[in-house]
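The values are calculated or read from the model by the stated rules, or taken from the named source; none is laboratory data. Not measured: the values here are computed from a predicted model. Because the Cβ atoms are built from the backbone with ideal geometry, glycine has one as well, and the counts that use them run over all protein chains shown.
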Amino acid sequence: MKEILIISGKGGTGKTTLTASLAKYMKSKVICDADVDAADMFLLLKPNVRKKMNFKGKSVAIIDQDKCTSCDQCRKQCRFNAIDAENGNYTVNPYSCDGCTLCTLVCPVNAIRMEQMVVGEWYISQTESGKMVHARLYPGAENSGNLVTMVKRQAHILAEEEGSEYVIVDGPPGIGCPVTSALSGANLAIIVTEPTFSGIHDLERVYEIAEHFKVPVWIVINKYDLNTENSKKIEKFASGKGIDVIEKIPFSKCIIDSVVKGEIPADNCEELKKVVEKLTDKF
Ligand code: SF4
Ligand code: SF4
């Protein structure tokens, strides 16, 4: 089984548009949306949720009100000001709690326990393009790197069960911890970029991470004809690194209109469908 990861150095390059289109036309695959901070592939693939599970993050302190004697020790000693006392009622703000466990040690009546906080949900769904693993992180929640690792692992388990040849992953944008998690274990990274100054800069940065993880890279330039000079710079960068600009997608109002309508662009736009077919032939 091969994992094909689609990433971009920044958001808004057309990464999800390409992933959803590839997902529709690839055979024998499980789809994975690992862009957990801004999961939006569901808008195009319209998943029908079949299984829903909680995703747990850091451990936080919980106060048992029945045991608490309002001695104030925990609030006084918490260095993160995570404990509030209102009318003798002691509660922990889970977003401020660092999980250090000090309060459990100072409480004289053992009224405090640590519990893992539910910070999101993950799903296995059916779409018209195949089975999909995806997730949602609650607003303000951290740990997206762990959630990326988790959805990828679940997608691999599902692909094994289904006997699928591929896991196709819509990766997180940028170059942070979630991208590092997404690159770990990928067999191929397709970097979607655009011919702008920031597009080139972000491509270089995300390429360095992929290179560090020794993941083979293909580059796709989206809207390449909007600035052919910058597209040539991208090609020069790629040839300097010994990698391929594997495909170039022209600017297309049809693609934008399809995304706005929530339809898979490759279904409607011949120029994208041709690119998708050429890519799937090369996998
Ligand atoms: S676990 Fe640490 S950070 Fe959280 S409430 Fe207790 S003392 Fe404060
Ligand atoms: S240390 Fe224990 S008993 Fe004292 S206020 Fe905190 S939770 Fe209540």
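Among the residues making up the range 79-110, those that are aliphatic (A, V, I, L, M) and assigned to a strand (DSSP E or B) are Ile83, Ala85, Val92. Counted as qualifying within the range 13-78 are the helices (runs of 4 or more DSSP H) with 1 or more residues that are out of contact with any Cys (no Cβ under 8 Å at 6 or more places or on another chain) and closer than 17 Å to Leu158 by Cβ, namely 15-25, 42-45. For the structure I just gave you, tell me whether Val259 is within 28 Å of Lys27 (Cβ to Cβ), of a type outside the set (D, E, K, R) and part of a helix (DSSP H, G or I). Answer is yes for this residue. Inside the range 101-119, residues that are of a type in the set (A, V, I, L, M), touching a residue at least 40 places away in the same chain (Cβ under 8 Å) and more than 10 Å from ligand 2 (Cβ to nearest atom) make up a count of 4.
A Cβ distance below 7 Å, combined with a sequence gap of six or more or placement on separate chains, defines the contacts here; from the range 62-91, residues that are on the phi > 0 side of the Ramachandran plot reach residues that are aliphatic (A, V, I, L, M) in the pairs Asp72/Ala85. Residue-level check: of (1) of a type in the set (A, V, I, L, M, F, W, C); (2) closer than 29 Å to Val36 by Cα; (3) near ligand 1 (Cβ under 9 Å from one of its atoms); (4) in contact with a strand residue (DSSP E or B) (Cβ under 9 Å, 6 or more places away or on another chain), Phe80 misses just (4). Would you mind stating whether Cys71 is more than 39 Å from the chain's Cα centre (by Cα), near ligand 2 (Cβ under 10 Å from one of its atoms) and either at pLDDT 95 or above or acidic (Asp, Glu) (or both)? Criteria met by Cys71.
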